[in-house]
Amino acid sequence: MDILSVVDNLNEDMYLRFKSAAETGKWPEGTEVDKPQREMAMQIVMAYQSRVLKSKDMLTVGEDGQIVNKTKRELKEEFNDPNNIARFSDI
């Protein structure tokens, strides 16, 4: 079974488990992830973000399969919401 067929049949809960494993090196219940598992989890997460989430977040994979890398200006514009609940710039 190839990675894309896995991603096409993956539900959101399983995606979140793979994402946690790739990010932390542990499965959500605390079991350590070995190196091959972590690499596979990272590939699944990237493919899921590309095919299912169509993510546009910084340092993810976009719909076209290319890594999305936003500039500081683009991120500031994206998060510049006049209806912010709190600002911590005066600290």
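Since every read-out is calculated from the coordinates, none of them should be taken as a lab result. It should be emphasised that the depicted structure is a prediction, and the values quoted were computed from it without experimental measurement. For neighbour counting, all protein chains shown are included, and Cβ atoms are generated from backbone atoms with ideal geometry for every residue, glycine included.
Beyond 29 Å in Cα-Cα separation lie the following of the pairs LYS54/LYS76; LYS26/LYS76; LYS19/LYS70: LYS26/LYS76.
As a rough guide to protection, the peptides 42-49, 10-17 ranked by mean Cβ packing within 10 Å, highest first, stand as 42-49, 10-17. Annotation: amide H-H contacts under 5 Å for LYS26 (H modelled 1.01 Å from N, sequence separation of 5 or more, or interchain): VAL33.
Applying the Karplus relation 6.51 cos²θ - 1.76 cosθ + 1.60 with θ = phi - 60° to segment 23-32 yields 3J(HN,Hα) values of 6, 9, x, 9, 6, x, 7, x, 5, 5 Hz, where x marks Gly and Pro. Decide, for segment 10-54, between rounded, prolate and oblate: order the square roots of the alpha carbon gyration tensor eigenvalues as a ≥ b ≥ c, take rounded if a/c falls under 1.5, and otherwise choose prolate if a/b is larger than b/c, else oblate. Verdict is oblate for segment 10-54.
In order along segment 39-51, phi translates into HN-Hα couplings of 5, 5, 4, 4, 5, 5, 4, 5, 5, 5, 4, 6, 7 Hz, rounded to whole numbers, per the Karplus curve 6.51 cos²θ - 1.76 cosθ + 1.60 with θ = phi - 60° and x for Gly and Pro.
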